[in-house]
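Peer 1: Can you keep this structure in mind? I'll have questions shortly.
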There are 2 protein chains.
Amino acid sequence: MSDQALHADTLIHPDWIVPVVPQGVVLDGYSLAITGDRISALLPRAQTGAIEADTVLELPGQVLLPGLINSHGHAGMSLLRGYADDKPLMPWLEEFIWPAEGAHVSEAFVADGTELAIAEMIRAGTTTFSDMYFFPDIAARTAQTAGMRCQITFPVFDFPTAWAKNADEYISKGLAVRDDFKHSTLVRVVFGPHAPYTVSAENLAKVATLAAELDVEIHIHLHETAGEVLQAVEQNGERPLDSLHRLGLIGPRTQCVHMTDLGDQDIALLAGAGAHVVHCPQSNMKLASGVCPVSKLMDKGINVALGTDSAASNNNLNLFIEMQAAALLAKVSSMDATRLAASDALAMATINGARAMGIADQLGSLETGKLADVIAVDLSGPELQPVYNPLSQLVYACNGSQVSHSWVAGRAVMQNRELTTIDIDAVRERSENWRNRIEEGRP
Amino acid sequence: MSDQALHADTLIHPDWIVPVVPQGVVLDGYSLAITGDRISALLPRAQTGAIEADTVLELPGQVLLPGLINSHGHAGMSLLRGYADDKPLMPWLEEFIWPAEGAHVSEAFVADGTELAIAEMIRAGTTTFSDMYFFPDIAARTAQTAGMRCQITFPVFDFPTAWAKNADEYISKGLAVRDDFKHSTLVRVVFGPHAPYTVSAENLAKVATLAAELDVEIHIHLHETAGEVLQAVEQNGERPLDSLHRLGLIGPRTQCVHMTDLGDQDIALLAGAGAHVVHCPQSNMKLASGVCPVSKLMDKGINVALGTDSAASNNNLNLFIEMQAAALLAKVSSMDATRLAASDALAMATINGARAMGIADQLGSLETGKLADVIAVDLSGPELQPVYNPLSQLVYACNGSQVSHSWVAGRAVMQNRELTTIDIDAVRERSENWRNRIEEGRP
């Protein structure tokens, strides 16, 4: 802070600030100022006298932290939440999800499902989400309208769906969406080839070439189950990760989602390539897909982000519960209670997501000059008493319902748990209409 | 329903009722009446005309279900929530928890910690909890005052603590507490020998004899880690379960808590004896203790109940999140997504707990004549839309914050999320005072 007066749109006085960078730090008695879309100051409350703020917010008993980053999901699928449970991955997809999608997915479905997902995510502290679904232009527009930050990964498949008829069309339409949103400060559009088993080597190579040329991220489902890996080895004589690497698809702009089946050679390859892993523990558990060895990945310096996957396989988009699940699963699966400590889990759900998306210089921590994507969490409820360490409460005791305020790029998208950009009653009504139509067509 | 008019204290019209018995059923358009401490009617709304009710409650968008039963915990330890994280079981106990307890546990600590725990539990849908802690008389009185149902398991150790000096004194004081509460309709007092490694064979045999004579339940930590079992085998030449069985401690009144290390011979023994298992998935994961093989237990017909363990090792007392964790962990640990379906997880957190406590004829499901321990859960939030099946939403999408009302023995202990028997501000203030004192003495 210089001695000069600073103008701020909003000056917030919480009890604590968890900036995430540096990791593990809890600032007691600090304040945060937002000017425009940026964090303009982070300083001891006693030093805020020189700040002239339009709005001053006192948040006793609350903690400020960076908005959470949901690094993998399919927002439109929220309309299929609970449509089919307790099934393994492939029957769940082939007998329930894909037929329902085939019958119903449309621009309206994606708009309504995405808005529902955004409403849920904001209420549980997410301010940035990654999305892979049909009609990515609609998802992008819905997020933009809601004031929500997102990485839209446009899908690429070999086969036709409601959105495109072949890989070339997915790519050309996707790049057109990227072009449409190139000036958006909220929406980034990147490549989302679905998986090695749904996109041919030839088409994956095209994606690799274009992504390298344009310097754009690639987001792909990979090694979700041991069965997927086994089948690929039988068909192609190599593991999917090796195939993708050979095709030039594995590098520092690649986000590999799921990764439950990983041997030491896979981990060495990922580390060498500087690729990112997106861990989706609850979806992997619910579908009995397996467990991503996050402790081993972290030991090798691989960046691991956190995602909920869709509400159809989770069945919520709540990153607080996902952080808890990630920490607990890492401990029990490695039989080491010291693994994935609270601060590691919080990093996964914030700065690591920003790193995977290539925007960690702008996002993922509370630092002066970074984008003002900030949430406030109320730790005053009995379920969070007493507070020895706010970081521990955030990861091990919060359930997301304690998020009180949320700002994206400095704009308040939730105030005292009221959404400012979404009409929840309308969202609920449209969701009910979709349920009725989808239930009528249930096979 | 006869044609005669029925007087009810409360008549509730939700959208759905999940009675738990029969398992998997969702009643659409049914109503529930409470008269005194009992459920006096459960019938289609169209047939409620003959019921004269003092209070009629319309709960659109909500589901009624039995209050949840938390079958294992240490309520007083809520004051140590987040005091020490990311440690394995024995260092966590020996370096942090036991020293803090040694310095601070007193009647006031137990009263304040138990009230904090009850406030948290009611807000997340629990209406009955099992407790094992020092000063069980204080815990019992605190629950009675709060109108909360509980099974108080008085502790037995070989060594002195703040409450008693040796096993005989623990037992005699415990039985005196049992006598004090013998007319209570809310509080049941049973034996709580801590664990095979803290109570000698001689004292365990005493407990077995007395429990058989008095026909009282026994609640014991057992096979929490593989290390515990290995150490016992090295010291005694047999597995702890075998030792307890030889001492007459394993039978249909026995609640075996944790049970992560179980071979086929252990499972056969439990099944043959008709003993109950209390599964604490989140605590077992957080302390990296292991995974209780609940699917195998259920296949052998063993009754499995659900517990949170204490807020010091969880770090919440939220059975909604615990149900979710139990279901997801069962699926991934058996690599079978069909295991522990939503209705199984809900049974674990309700009727199975009542079975373990020997009171399933009175509790654990919504049936006419049973005790009116009932909760209402609001499914109208965006995180629960759309509702294909309320049962799926309860287990896979709720986080506990949606519980709107709670009745214990017909008395409303929470209405529209406001606790009626506990002053939350006072609880918070006392919790903060304890934190300050405990932090001052931190080693």
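Peer 1: Is it fair to say A:Leu363 is in a loop (DSSP other than H, G, I, E, B), outside the structural domain of A:Gln255 (by TED's automatic domain parsing) and either within 30 Å of B:Glu418 (Cα to Cα) or at pLDDT 95 or above (or both)?
Peer 2: Yes: the conditions hold for A:Leu363.
Peer 1: Please enumerate the residues belonging to the stretch B:227-253 that are part of a loop (DSSP other than H, G, I, E, B) and touching a Ser or Thr at 6+ places or on another chain (Cβ under 8 Å).
Peer 2: Answer for the stretch B:227-253, where residues must be part of a loop (DSSP other than H, G, I, E, B) and touching a Ser or Thr at 6+ places or on another chain (Cβ under 8 Å): just B:Gly248.
Residues are listed down the side, and each one gets a yes or a no for (1) assigned by TED's automatic domain parsing to the domain that holds A:Gly61; (2) surrounded by 20 or more Cβ atoms within 10 Å (Cβ to Cβ):
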site: A:Cys398; (1), (2): yes, yes
site: A:Val403; (1), (2): yes, yes
site: A:Val413; (1), (2): no, yes
site: A:Thr420; (1), (2): no, no
site: A:Ala426; (1), (2): no, no
site: A:Glu429; (1), (2): no, no
site: A:Asn433; (1), (2): no, no
site: A:Asn436; (1), (2): no, no
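Peer 1: Considering each residue of the stretch A:297-320, count those that are facing chain B (nearest Cβ under 9 Å) and surrounded by fewer than 24 Cβ atoms within 10 Å (Cβ to Cβ), and give that number.
Peer 2: Selection size over the stretch A:297-320: 0.
Peer 1: Filter the stretch A:91-131 for residues that are charged (D, E, K, R) and in contact with a helix residue (DSSP H, G or I) (Cβ under 9 Å, 6 or more places away or on another chain); which is surrounded by the fewest Cβ atoms within 10 Å (Cβ to Cβ)?
Peer 2: Of everything passing the filter in the stretch A:91-131, A:Glu107 is surrounded by the fewest Cβ atoms within 10 Å (Cβ to Cβ).
Peer 1: When you go through B:Asp86, B:Asp9 one by one, which is the residue that is closer than 30 Å to A:Lys331 by Cβ and open to solvent by 20 Å² or more (accessible area, probe 1.4 Å)?
Peer 2: Criteria check complete, one pass: B:Asp86.
Peer 1: So, in the stretch B:132-170, exactly how many residues are more than 21 Å from B:Leu116 (Cβ to Cβ), in a helix (DSSP H, G or I) and open to solvent by less than 10 Å² (accessible area, probe 1.4 Å)?
Peer 2: Adding up the residues that qualify gives 2.
Peer 1: Quick one: is B:Gly263 assigned by TED's automatic domain parsing to the domain that holds B:Lys296 and on the phi > 0 side of the Ramachandran plot?
Peer 2: No; evaluated as a whole, the condition is false for this residue.
Peer 1: Of all residues in the stretch A:343-357, which are within 14 Å of chain B (Cβ to nearest Cβ) and either open to solvent by 10 Å² or more (accessible area, probe 1.4 Å) or of a type in the set (D, E, K, R) (or both)?
Peer 2: Hits for the stretch A:343-357 are A:Ser343, A:Asp344.
Peer 1: So A:Pro386 ticks every box in (1) closer than 25 Å to B:Arg442 by Cα; (2) surrounded by fewer than 24 Cβ atoms within 10 Å (Cβ to Cβ) but one. Which box is left unticked?
Peer 2: Every condition holds for A:Pro386 apart from (2).
Peer 1: Hey, does the stretch B:409-431 have a residue that's at pLDDT 95 or above, part of a strand (DSSP E or B) and among the hydroxyl-bearing types (Ser, Thr, Tyr)?
Peer 2: no
Peer 1: Specify the residue that is nearest to the other protein chains (Cβ to nearest Cβ); the eligible residues are those in the stretch B:421-436 that are free of Cβ contacts under 8 Å to residues at least 24 places away in the same chain and not acidic (Asp, Glu).
Peer 2: B:Arg428
Peer 1: Which residues, taken from the stretch A:323-340, are at the interface with chain B (Cβ under 7 Å from one of its Cβ atoms), open to solvent by 10 Å² or more (accessible area, probe 1.4 Å) and among the charged types (D, E, K, R)?
Peer 2: A:Asp336 - this is the single residue of the stretch A:323-340 that is at the interface with chain B (Cβ under 7 Å from one of its Cβ atoms), open to solvent by 10 Å² or more (accessible area, probe 1.4 Å) and among the charged types (D, E, K, R).
Peer 1: Which of the residues spanning the stretch A:374-386 are touching a residue at least 24 places away in the same chain (Cβ under 8 Å) and either aliphatic (A, V, I, L, M) or in the same structural domain as A:Met323 (by TED's automatic domain parsing) (or both)?
Peer 2: Across the stretch A:374-386, the qualifying residues are A:Val374, A:Ile375, A:Ala376, A:Val377, A:Leu379.
Peer 1: Take the residues of the stretch A:371-383 that are in a loop (DSSP other than H, G, I, E, B) and in contact with a Phe, Trp or Tyr (Cβ under 9 Å, 6 or more places away or on another chain): which is surrounded by the most Cβ atoms within 10 Å (Cβ to Cβ)?
Peer 2: Checked the stretch A:371-383; the qualifying residue surrounded by the most Cβ atoms within 10 Å (Cβ to Cβ) is A:Asp373.
Peer 1: Would you say A:Phe109 is of a type in the set (Phe, Trp, Tyr) and more than 14 Å from chain B (Cβ to nearest Cβ)?
Peer 2: For A:Phe109, the condition - of a type in the set (Phe, Trp, Tyr) and more than 14 Å from chain B (Cβ to nearest Cβ) - is not met.
Peer 1: For the stretch A:343-357, state whether one or more residues are more than 30 Å from A:Leu42 (Cα to Cα) and touching a Lys or Arg at 6+ places or on another chain (Cβ under 8 Å).
Peer 2: no
Peer 1: Same structure again: Hey, any hits in the stretch B:370-377 for a residue that's over 30 Å from B:Val189 (Cβ atoms), modelled with pLDDT of 95 or more and facing chain A (nearest Cβ under 9 Å)?
Peer 2: no
Peer 1: Hey, another quick one. Which count do you get for residues in the stretch B:56-83 that are away from every other protein chain (no Cβ under 14 Å) and surrounded by fewer than 24 Cβ atoms within 10 Å (Cβ to Cβ)?
Peer 2: 4
The values are calculated or read from the model by the stated rules, or taken from the named source; none is laboratory data. Since the structure is predicted, the reported quantities are computational estimates derived from the model, not experimental observations. Virtual Cβ from ideal backbone geometry, glycine too; neighbours counted across all protein chains shown. In case anyone asks, the SASA skips ligands and DNA or RNA and just uses the protein heavy atoms, side chains included. Shrake-Rupley method; radii C 1.70, N 1.55, O 1.52, S 1.80 Å.
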